[in-house]
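Please find one structure pasted underneath; my questions will follow.
The values are calculated or read from the model by the stated rules, or taken from the named source; none is laboratory data. Small disclaimer: the values here were computed from a predicted structure and weren't measured. Here Cβ is always computed from backbone atoms with ideal geometry, including for glycine, and neighbour counts include all displayed protein chains. Side chains are part of the model used for accessible areas, which takes the heavy atoms of the whole protein and leaves out ligands, DNA and RNA. Shrake-Rupley method; radii C 1.70, N 1.55, O 1.52, S 1.80 Å.
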Amino acid sequence: MASVTLSEAEKVYIVHGVQLLECGGNLFDAISIAVKAALFNTRIPRVRVLEDEEGSKDIELSDDPYDCIRLSVENVPCIVTLCKIGYRHVVDATLQEEACSLASLLVSVTSKGVVTCMRKVGKGSLDPESIFEMMETGKRVGKVLHASLQSVVHKEESLGPKRQKVGFLG
């Protein structure tokens with residue numbers, strides 16, 4: 001993570017690093033959930049910029065590992081992919097369902113159900129009524145997805161060091 005100072009009161013952190021280990025459908029959905037969970041767990045050390053009499057600046061990091069800033073993920077969207085199959089649409093489509101779909105709609109939704117972005121993928125077309133129905137479904141599913149994710153990350157955080165480590169981090 002790199003930091004760029006815009007002004008005395010603003011900093012921008014540039015985050016790099018989504019690495020795919022396997023691709024098994026609904027890629028954007030899974031990445032958006034993983035990124036939101038990772039940002040929730042991110043702690044940024046408190047940084048102070050000190051200036052001496054000559055005007056040169058020095059960066060000071062706190063020695064306390066708990067003296068850090070948490071990122072707000074309240075407005076970080078999650079993506080819901082809806083596949084159009086015939087006159088209906090499917091959320092979290094299987095590989096067989098994806099094969100039957102000529103067009104999909106990716107809907108980026110905040111925890112309050114605000115759509116921040118939409119993208120149509122696939123070679124088929126979507127009529128305006130289908131887009132509206134899929135967008136409404138995406139908003140409804142997105143709000144439930146956010147609530148479930150928040151519940152899981154808060155539960156995991158409450159376990160502290162007692163939480164079970166799984167996978168290659170275990």
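Can you sort 78, 100 by 1.4 Å-probe accessible area, starting with the largest?
Working: 78 0, 100 90 Å².
Ranked list, largest accessible area first: 100, 78.
For residue 131, what charge total do you get from the other residues with a beta carbon under 13 Å from its beta carbon, if Lys and Arg give +1 and Asp and Glu give -1?
On the way: positive: 84, 119, 120, 139; negative: 127, 129, 133, 136.
So the environment of residue 131 carries a net charge of 0.
Give a residue-ordered list of calculated ³J(HN,Hα) values for the range 102-111 (Karplus: 6.51 cos²θ - 1.76 cosθ + 1.60, θ = phi - 60°; whole Hz; x for Gly, Pro).
8, 8, 10, 10, 9, 10, 9, 10, 7, 5
Let me ask something else about it. Please list 134, 118 from largest to smallest accessible area, probe radius 1.4 Å, with all protein chains kept in place.
On the way: 134 0, 118 80 Å².
Sorted by accessible area, descending: 118, 134.
Something else now. Which one of 55, 35, 72 has its Cα pushed farthest toward the positive end of the charge dipole of the range 32-75, where Lys and Arg give +1 and Asp and Glu give -1 at the Cβ?
35
Out of the range 15-102, which trypsin sites (Lys or Arg not before Pro) are coil in DSSP terms and have no more than 15 other C-beta atoms within 10 Å? Write out the running numbers ahead of the final one.
Details: sites: 36, 43, 46, 48, 57, 70, 84, 88; in loops: 46.
Loop-located and lightly packed - 46.
Using amide H atoms built 1.01 Å from N in the peptide plane, name the residues 5+ places from residue 85, or on other chains, whose amide H lies under 5 Å from its own.
The list, which skips near neighbours in sequence, is 90.
What are the residues whose amide H is under 5 Å from the amide H of residue 46, where those residues sit 5 or more places off or on another chain and H is modelled from the backbone?
62, 68, 69
Here's a follow-up. List the chymotrypsin sites (Phe, Trp or Tyr not before Pro) in the range 75-170 that DSSP assigns to loop (not H, G, I, E or B) and whose Cβ has at most 16 other Cβ atoms within 10 Å. Which are they?
Within the range 75-170, the qualifying chymotrypsin sites (Phe, Trp or Tyr not before Pro) (loop, at most 16 other Cβ atoms within 10 Å) are 87.
Loop only per DSSP, at most 12 neighbouring Cβ atoms within 10 Å: give me the GluC sites (Glu not before Pro) in the range 68-149, ordered by residue number. Please report the intermediate quantities before stating the final value.
Values: sites: 74, 97, 98, 129, 133, 136; in loops: 74.
The qualifying sites are 74.
Any chance you could give the angle, 0 to 90 degrees and rounded to 10, that helix 128-159 forms with the longest Cα principal axis of the chain?
Roughly 40 degrees, rounded to the nearest 10.
OK, next. Would you kindly calculate the mean projected area, averaged across all directions, of the convex hull enclosing the Cα atoms of the chain, in square nanometres? Can you show the working numbers first?
Numbers: hull surface 54.4 nm².
Its average projected convex-hull area is 13.6 nm².
With +1 assigned to the C-beta of every Lys and Arg and -1 to the C-beta of every Asp and Glu, and no other charges, what is the dipole magnitude of the chain about the Cα centre in debye, to the nearest 20? List each step's numbers first, then the result.
Values: 20 positive and 23 negative charges, 194 e Å.
Approximately 940 debye in magnitude.
Another question about this same structure. Net charge near residue 122: determine it from the other residues with C-beta under 11 Å of the C-beta of residue 122, scoring Lys and Arg +1 and Asp and Glu -1. Intermediate results must be reported in sequence, preceding the final value.
Details: positive: 84, 119, 120, 123; negative: 98.
Result for the neighbourhood of residue 122: +3.
In sequence order, what are the phi-derived ³J(HN,Hα) couplings for the range 82-90 according to the Karplus relation 6.51 cos²θ - 1.76 cosθ + 1.60 with θ = phi - 60°, rounded to whole Hz, with x for glycine and proline?
Couplings: 10, 9, 8, 10, x, 9, 10, 9, 10 Hz.
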